[in-house]
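First up is the structure itself, then whatever we jot down about it.
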Amino acid sequence: MSNRVVAENNTSPARDTLPFFSTNSMELTHITRSASGVSPTLGQLLKRVGDVRKEQTGDETPVHQILDVSDTSSVETRSLPFVLSFNNLTYSVKARRKSITLPAVFRRQPHPLGAVTATDPVPGENLFSKTKTLLNDISGEARDGEIMAVLGASGSGKSTLIDALANRIAKESLKGTIKLNGEVLESRMLKVISAYVMQDDLLFPMLTVEETLMFAAEFRLPRTLSKSKKKIRVQALIDQLGLRNAAKTVIGDEGHRGVSGGERRRVSIGIDIIHDPILLFLDEPTSGLDSTSAYMVVKVLQRIAQSGSIVIMSIHQPSYRILGLLDRMIFLSRGQTVYSGSPMNLPHFFDEFGHPIPENENRTEFALDLIRELEGSPGGTKSLVEFNKTWQNMKQSRNTNAHSDSQGLSLKEAISASISRGKLVSGATNNDASSPTSMVPNFANPAWKEMVVLSQRSVTNSRRMPELFGIRAGAVIVTGFILATIFWQLDSSPKGVQERLGFFAFAMSTTFYTCADALPVFLQERYIFMRETAHNAYRRSSYVLSHTLTSLPALVFLSFAFSAITFWAVGLDGGFFFYFLMMFASFWAGNSFVTFLSGVVPHVMLGYTIVVAILAYFLLFSGFFITRDRIPPYWIWFHYLSLVKYPYEAVLQSEFGNPVKCFVRGVQIFDNTPLAAVPTAMKVRLLETLSRTLNMRITTSTCLTTGVDILDKEAVNQLSKWSCLWITVAWGFFFRFLFYFSLLLGSKNKRR
Ligand SMILES: Nc1ncnc2c1ncn2[C@@H]1O[C@H](COP(=O)(O)OP(=O)(O)OP(=O)(O)O)[C@@H](O)[C@H]1O
Ligand SMILES: [Mg+2]
């Protein structure tokens, strides 16, 4: 097939089959028709696509000599693989009304023309809430091979329109239809074939440009593609985006100096186009860039478009050169379309509207200024909106008698064609699948592969920021040392028992408190996670699993350090291994608990407040301050919820579980009583009297309290130490599950 394409190309330039690049539309209609008949087959289409590709492999993209794409009949006859059409998009939000104004009650009938302008009352207004219409009846069409730009003043609704098209607004709130090749896109499909580049850059600051793109490639490109192929693709992208000089530089953030803002912008674009999506949405990709960088970015977008994608972006003030790269524009003013069509037609449009664009003036600037002026005038932009409507209708009526819509490809055919051209490199097959949905897999890689890549990334990240782990380890080690020194070599006297209890209660809650540093880790990553999962870079479950696995080594280290420092220094009794295991289990439970919280709280400060408060309650109800049998029955449930209870009881059992070990012997019985101050000889005599009265022999060496007695006194006798250990481990798993669910439910990433 490719041979044939080359051969044909030699004899007739591809331009002939591409009305798009031609100036003579009538002639082309003829050529295309005669070449393909009324409805071209998939094979014919692919061939034509191959031709286009051939032409575009050269770096110099052809100079556009487009007439208005939408007002020549020839365009319709070129069976475009992809047409995204959106009709009557309306989106409004409810804003609370502060004061009820009478006129609002009466002015409720809709505008006779069906459309409502900004100054008109909005249907749906009622006494208590006011609806603010952010998008008002917007229609249009975008095709592959073209860049569609959304323009308008700040606050005119550009981002909102892009969000609407990218399915980032909840279905219930958005009215109107969005169709790709005449079929309503289901959101699962859209996720797979589209990409959305947000207005702000969400990247890992400590990865280099190359690594960032490589990780994106690992996520988005299928496993069947070899590592070297992925590398080649990343390198090509780096060159394409003009990032060669910055390839080895870290992204950086407020703290670390990294790549420049413009370079970061281009990296953000790069990670979303790595798998060659069919639909690409960008929110102001050029803002904050100098004019050359901005031009380069749009040039890259044009190349993507010409490789068979639909590119839709919002842009603030395109320079003259950028204007030359745009194929369609939509001007918005307060959520309404004031112009839609090609940039070439702008002068004509404004001519007819009665405000000709002066020579030597930037067309878009003039248009935006005029719109702003009209917005400030009493009539608003109503006249322009109306004029645009009649202008569109006029064009449409010219078009309808020249074409019929039957020539477009169905979505399935188009996607299949696209995949065979090498688009959507996500393991897609163009085998005969019954529906477009089954053609493209949801995820490019199997779950284990995602976990490996995610783990690699988080290891790289933490290696680049050793200070984070250093601080955690430092906190644990310092606390261990302080505890070791003040509880140095505790004896087995009644006082020693008290001190041991205190040590355990404190040590166990320390492990939980030092886990609070897990809080900012996910909160920082959350938006990156949301961006990546919004377009199926990986499964949420893979993220949770790899997050869990990568946190374990650090927990092992911390628990070992803490138990090794304290165990012998304090002179603890139960086995070291169990003590270490229990420390590890409580670090694990604490870490999971905090991780879960980081999945639900929106801010770090709120997170810390909640962690500290809850842990304080856990400690209060752990059984140290008040034993289980003394807790009021209506609070006992909290005792069982307390995460500190289980590790605390486990180490107590391990410490005092030995039935022969004695803690109160002979005269020690008077310790902790008012009699503690009397001389020892007197105590011995008291003991003898006691023996006689009780009629049992108590000498200075008689054991009066064993470890088991202490456990009974502390009401620590319901669960064995191993049960406590397993329960603590289970809590950890439980919170990881909750974390997973919080991610499933909480990261919808949509406007309401
Ligand atoms: N939830 C909301 N409630 C009320 N008004 C809102 C809400 N969300 C957005 N808006 C308003 O909708 C309008 C359009 O917002 P949008 O973000 O689309 O503007 P924009 O054209 O992208 O502006 P910019 O160029 O500054 O990014 C703004 O006036 C904004 O204040
Ligand atoms: Mg915006």
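Here, each number is a calculation from the coordinates, and none is a lab measurement. The structure displayed is predicted, hence computed values, not measured ones. When we count neighbours, we look across all protein chains shown, and the Cβ atoms used for this are built from the backbone with ideal geometry, even at glycine.
The Kirkwood hydrodynamic radius of region 272-372, based on inverse pair distances between different Cα atoms, is 14.6 Å.
With the Kirkwood sum run over all distinct C-alpha pairs, region 447-746 has a hydrodynamic radius of 21.3 Å.
Using 15 Å as the cut-off for backbone N distance, which residues of region 647-688 belong to the label zone defined by a point 7 Å from the Cα of residue 701 along Cα→Cβ? Under cut-off, by backbone N: 662, 665-667. Restricting region 327-390 to GluC sites (Glu not before Pro) that sit in a DSSP loop and have at most 14 other Cβ atoms within 10 Å of their own Cβ leaves 359, 361. Projected onto its three principal axes, the C-alpha set of region 487-609 covers 63, 28, 15 Å, listed from the longest axis down. When the Cα atoms of region 180-323 are aligned to their principal axes, the ranges along those axes come out at 48, 43, 24 Å in descending order.
A simple packing score, the average count of other Cβ atoms within 10 Å per residue, orders the peptides 589-601, 684-696 as 589-601, 684-696, with the highest score first. Calculate I(q)/I(0) for region 624-683 by the Debye formula, one identical point scatterer on each C-alpha and no solvent, and give its log10 at q = 0.24 Å⁻¹ to two decimals. Listed by q, the Debye log ratios stand at -0.96.
Partners of residue 229 within straight-line reach, counting lysines whose Cα lies under 18 Å from its Cα and excluding those fewer than 8 residues away in the same chain: 423, 449.
I need the calculated FRET efficiency for the pair residue 355 and residue 410, taking r as the beta carbon distance and R₀ as 41 Å, to the nearest 0.05. My answer for the efficiency is 0.45. Computed from the Cβ-Cβ distance with R0 of 30 Å, the FRET efficiency linking residue 244 to residue 188 stands at 0.20. Charged neighbours of residue 366, selected by a Cβ distance under 14 Å, balance to -4 (K, R count +1; D, E count -1). Of the GluC sites (Glu not before Pro) found in region 179-227, those that fall in a DSSP loop while having at most 15 other beta-carbon atoms within 10 Å are 186.
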